[in-house]
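Engineer: Mind having a look at this structure? Questions to follow.
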Number of protein chains: 4
Amino acid sequence: MAEVKVKVASGAKEAAARPRARQVKAASKDADLVREKRGQLVAAAVRVFKEKGFHDTSVRDIGREAGMTQGTIYNYVGSKDDILYLVCDQIVSEYQEETRKALDNSADPRTRVRSAVRAICEVMVKHQDEVLLTYQDSHLLDARSRRVIFARVEEFVGMFETILTEAARELGRPLPDPHFAANAITFFPTMLVLRRWSLKARHRQSELIEWLVEFLVRGLGFE
Amino acid sequence: MAEVKVKVASGAKEAAARPRARQVKAASKDADLVREKRGQLVAAAVRVFKEKGFHDTSVRDIGREAGMTQGTIYNYVGSKDDILYLVCDQIVSEYQEETRKALDNSADPRTRVRSAVRAICEVMVKHQDEVLLTYQDSHLLDARSRRVIFARVEEFVGMFETILTEAARELGRPLPDPHFAANAITFFPTMLVLRRWSLKARHRQSELIEWLVEFLVRGLGFE
Amino acid sequence: MAEVKVKVASGAKEAAARPRARQVKAASKDADLVREKRGQLVAAAVRVFKEKGFHDTSVRDIGREAGMTQGTIYNYVGSKDDILYLVCDQIVSEYQEETRKALDNSADPRTRVRSAVRAICEVMVKHQDEVLLTYQDSHLLDARSRRVIFARVEEFVGMFETILTEAARELGRPLPDPHFAANAITFFPTMLVLRRWSLKARHRQSELIEWLVEFLVRGLGFE
Amino acid sequence: MAEVKVKVASGAKEAAARPRARQVKAASKDADLVREKRGQLVAAAVRVFKEKGFHDTSVRDIGREAGMTQGTIYNYVGSKDDILYLVCDQIVSEYQEETRKALDNSADPRTRVRSAVRAICEVMVKHQDEVLLTYQDSHLLDARSRRVIFARVEEFVGMFETILTEAARELGRPLPDPHFAANAITFFPTMLVLRRWSLKARHRQSELIEWLVEFLVRGLGFE
DNA sequence: GATGAATGAGCTTTCATTCAT
DNA sequence: GATGAATGAAAGCTCATTCAT
């Protein structure tokens, strides 16, 4: 079987520097076609995984949703696990890309931080099902894939570490531990997803986000 | 086959008031025996689930770890899914029970809150594998079971809501949204588990907890 | 899955000395049952392999012939390859055992050799389908299994080497290469099987065997 | 789809007389092209079959080795089984052709027979992998193809029957069964291949062949 | 009540073959 | 004539569950 390894498209320039981006096998050599079909595949997989989870979804299910037979799927992907990897990769990429775009580098450091946190929250809410999916299924990735995905998130955290450090400097309120702080502000908003069964019943989304933003700003000591 | 429904043992008195506590089928009529065997079963299941996850663990695996054969297991439990339910139930119960015990109702409200948050963090760290397990596998529960487990957590959150409201009153700094605040302080510490791949590399556990405590206290505006 | 390795029963005492007799996985712990079921399995497999060959026989086919479902088969065997190994092992064992029993250690060395060759031929003819099967499918064994089977045949050849050497000594006609000679007399009779499409049309079995015996005796220079 | 049946090229004139030479379907109408492409195909297939066997070789594998895509292959051949037939056909043809050429029709009947046997052995050794391939995979042919191949071998045996009969007459030592004898001398040398795992370890090739030649000559009673 | 053999549905994956381009 | 994407049947294997002993 002729095989070709196609690097997974990734939205960031730093991708090149990332450890070893996992390769996914494709039987087809037409890179454009591979990209296209994988796109359909991943989109379909996200839909069914959201509903049934990775393990309770069969390759046939994915195929049905994507309008491909299983045989076809295996032209573009080496295994079911590859699909999960592509799904996680895409979700993380999209989430991060969108967050990046929503950042507001206006002058005031307080405003900058607030807007950054708000951006995270809003993208989180918008993609809540996908985020939930990664929290529920990413541990099913093989060790290598998981490391790649985590490395990607780590980069994302690093970006916020820079933002916070800069703001802290400008405000004259040095952060004792910027890495921890960056983890805090990128992680905390997942509460909107992982606790939505508790929060949804009692709060409106917009309020939640404002509350969260203020909570984090205070937590950082930037108020 | 004579069957009997045995209420799942739960550490709290309020259990009776919980919506509809899920029943788990047992073929055996001896309630004590059922309790004992389920205890062994759950303990064994936790161990193997932590290592391999629910889906990659077979009923045989659980049986081997518990010293029971498959047939025996089905005397005390109706299905593999039941075991997952019992496991989640026990983990949540133990976690909550232990946290409750660690609360310090000393006079000073600030100290009280700090100690409460620290208690959560410490139990979280102590049971990190079990907590991770619930975050990874609880979505595999059927809707009913999930609701029961969530209701249990909601109770727990409610307890902290009370603590926070009381402290806020004493401090004269009213919380705009105690339910949200209670979710915040009970959820945030999960970062120690769900981001441990990022945090472990760079921070010592004790520092992390102190940082977290102060972050939350500031976030609450109790500082 | 609880597993037990059961040594494949082998007819010869020397088995213990054989390199590393291949182990075959069994999920069942009851050694007697394993033996019994494997017996049925192998018998059924021989029948279908003879007809369709290893590759064109599915595990389901074997199961149907053996009166077991595939699930059951995998209680007694680790893989389809294991079945092939067991089949080859049994065929070789039976063939050799039967040949051994047919040996006539009478006084006259010429008669002894003749009877040995005749024994080989007769058992060969009796088990021609099975012998054919090993010649057609044994190359599908994994390297390890093949080595074990070959080692078994080598032993068999060795036995004849001894017989021939002894006879040669008694006759005062030393064999230049007893190992080669032993290979010759154990291999040549396979012609009855591997060329049966040519021989059957024109010759009667009994004549063939006599011809073969005399051919070999002359070839050895024992005439 | 226009189809044309192309007779398989065969090296011997007698081919026309052979029962019913199997036809192999070709989508292409250009007989020369078909011959050429099939040549490439067969050569490639022999190489991969030798290594992995028929069943473990996919049509893609053959195509890759032959520098053709799957689609192209099916322009020149009707099925994967056809390829096996062509492969067996070619191997047998080449083997026989080469042996024929090596025959030495010198005057002395003993020398003639010796040289004939030696020729068989030498070609056998030279083509051992191909010969092994036919012994391992020819049973995968459909009945018709197998019959055709066997008929071809029967012709070959017939040729040696003539040689032996003639020699026997000249020597004044009539052979009781020339057909059997011809089978014996054409089959016995396969020992060099089918027992090579036993012989290679202990003997040098040239010695083996000499031993074999003498063994057969004695067996025939021509010594 | 305990056992573990039996079941069979269901899984992922491969691959010979077809056919639109 | 060449391509290779698509197909879908069929394979080996696993495992939750049942039930006779």
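The values are calculated or read from the model by the stated rules, or taken from the named source; none is laboratory data. What you see is a predicted model, and the numbers here were worked out from it, not measured in a lab. Don't worry about glycine lacking a Cβ; one is built from the backbone with ideal geometry, like all the others, and counts go over all protein chains shown.
Engineer: So is A:Lys101 more than 14 Å from chain B (Cβ to nearest Cβ) and more than 16 Å from DNA strand F (Cβ to nearest atom) or not?
Structural biologist: yes
Engineer: Something else now. For the range D:69-92, enumerate the residues that are within 10 Å of DNA strand F (Cβ to nearest atom) and either within 12 Å of another protein chain (Cβ to nearest Cβ) or closer than 15 Å to D:Val148 by Cβ (or both).
Structural biologist: Those that are within 10 Å of DNA strand F (Cβ to nearest atom) and either within 12 Å of another protein chain (Cβ to nearest Cβ) or closer than 15 Å to D:Val148 by Cβ (or both): D:Thr69, D:Gln70.
Engineer: In addition: Here is a check on your reading of the model: is D:Val148 within 14 Å of another protein chain (Cβ to nearest Cβ) and either modelled with pLDDT of 95 or more or assigned to a helix (DSSP H, G or I) (or both)?
Structural biologist: Answer is yes for this residue.
Engineer: Another one. Quick one: A:Lys29 ticks every box in (1) touching a helix residue (DSSP H, G or I) at 6+ places or on another chain (Cβ under 9 Å); (2) more than 11 Å from DNA strand E (Cβ to nearest atom); (3) not assigned by TED's automatic domain parsing to the domain that holds A:Glu155; (4) not small (Gly, Ala, Ser) bar one, so which box is it?
Structural biologist: All conditions pass for A:Lys29, except number (1).
Engineer: Hey, does the range C:191-214 have a residue that's over 28 Å from D:Pro178 (Cα atoms), touching a residue at least 12 places away in the same chain (Cβ under 8 Å) and assigned to a helix (DSSP H, G or I)?
Structural biologist: Taking every residue of the range C:191-214 in turn, none turns out to be over 28 Å from D:Pro178 (Cα atoms), touching a residue at least 12 places away in the same chain (Cβ under 8 Å) and assigned to a helix (DSSP H, G or I).
Engineer: If you don't mind, another one. Do you know which residues across the range A:73-92 are within 8 Å of DNA strand E (Cβ to nearest atom) and polar (S, T, N, Q)?
Structural biologist: A:Asn75, A:Ser79
Engineer: Just for helices (runs of 4 or more DSSP H) wholly inside the range C:12-105: which have at least 3 residues that are surrounded by fewer than 21 Cβ atoms within 10 Å (Cβ to Cβ) and within 16 Å of the chain's Cα centre (by Cα)?
Structural biologist: Result: C:31-52, C:80-102.
Engineer: Same structure again: Residue check: is C:Arg60 within 16 Å of DNA strand E (Cβ to nearest atom) and modelled with pLDDT of 95 or more?
Structural biologist: For C:Arg60, the condition - within 16 Å of DNA strand E (Cβ to nearest atom) and modelled with pLDDT of 95 or more - is met.
Engineer: Select, from B:Arg169, B:Arg173, the only residue that is more than 10 Å from chain A (Cβ to nearest Cβ) and without any contact (Cβ under 8 Å) to a residue 40 or more places away in the chain.
Structural biologist: After ruling out the rest, the residue left standing is B:Arg169.
Engineer: What's the number of the only condition in (1) at the interface with chain B (Cβ under 10 Å from one of its Cβ atoms); (2) at pLDDT below 95; (3) surrounded by fewer than 16 Cβ atoms within 10 Å (Cβ to Cβ) that A:His203 fails to meet?
Structural biologist: (3)
Engineer: Residue check: is D:Glu130 in contact (Cβ under 8 Å) with a residue 60 or more places away in the chain, within 20 Å of D:Gly39 (Cβ to Cβ) and away from DNA strand F (no atom under 16 Å from the Cβ)?
Structural biologist: Considered against the rule, which asks whether it is in contact (Cβ under 8 Å) with a residue 60 or more places away in the chain, within 20 Å of D:Gly39 (Cβ to Cβ) and away from DNA strand F (no atom under 16 Å from the Cβ), D:Glu130 comes out as yes.
Engineer: Got a sec? Which of A:Thr162, A:Thr186 is without any contact (Cβ under 8 Å) to a residue 12 or more places away in the chain, within 23 Å of the chain's Cα centre (by Cα) and more than 7 Å from chain B (Cβ to nearest Cβ)?
Structural biologist: The unique qualifying residue is A:Thr162.
Engineer: Moving to a separate point now. Do we find that B:Val153 is part of a helix (DSSP H, G or I) and within 15 Å of B:Ala116 (Cβ to Cβ) in this structure?
Structural biologist: No.
Engineer: Same structure again: Is there a residue in the range C:170-181 that is in contact with a Leu (Cβ under 6 Å, 6 or more places away or on another chain), surrounded by fewer than 23 Cβ atoms within 10 Å (Cβ to Cβ) and not in a loop (DSSP other than H, G, I, E, B)?
Structural biologist: The answer is yes, given that some residue of the range C:170-181 is in contact with a Leu (Cβ under 6 Å, 6 or more places away or on another chain), surrounded by fewer than 23 Cβ atoms within 10 Å (Cβ to Cβ) and not in a loop (DSSP other than H, G, I, E, B).
Engineer: Now a separate question. Residue check: is B:His139 surrounded by fewer than 16 Cβ atoms within 10 Å (Cβ to Cβ), closer than 21 Å to A:Arg196 by Cβ and touching a helix residue (DSSP H, G or I) at 6+ places or on another chain (Cβ under 8 Å)?
Structural biologist: For B:His139, the condition - surrounded by fewer than 16 Cβ atoms within 10 Å (Cβ to Cβ), closer than 21 Å to A:Arg196 by Cβ and touching a helix residue (DSSP H, G or I) at 6+ places or on another chain (Cβ under 8 Å) - is met.
Engineer: Within the range A:32-57, which residues are among the hydrophobic types (A, V, I, L, M, F, W, C) and either more than 15 Å from DNA strand E (Cβ to nearest atom) or without any contact (Cβ under 8 Å) to a residue 60 or more places away in the chain (or both)? Working first, answer last.
Structural biologist: Looking only at the range A:32-57, we keep the residues that are among the hydrophobic types (A, V, I, L, M, F, W, C), and these are A:33-34, A:41-46, A:48-49, A:54.
Result: A:Leu33, A:Val34, A:Leu41, A:Val42, A:Ala43, A:Ala44, A:Ala45, A:Val46, A:Val48.
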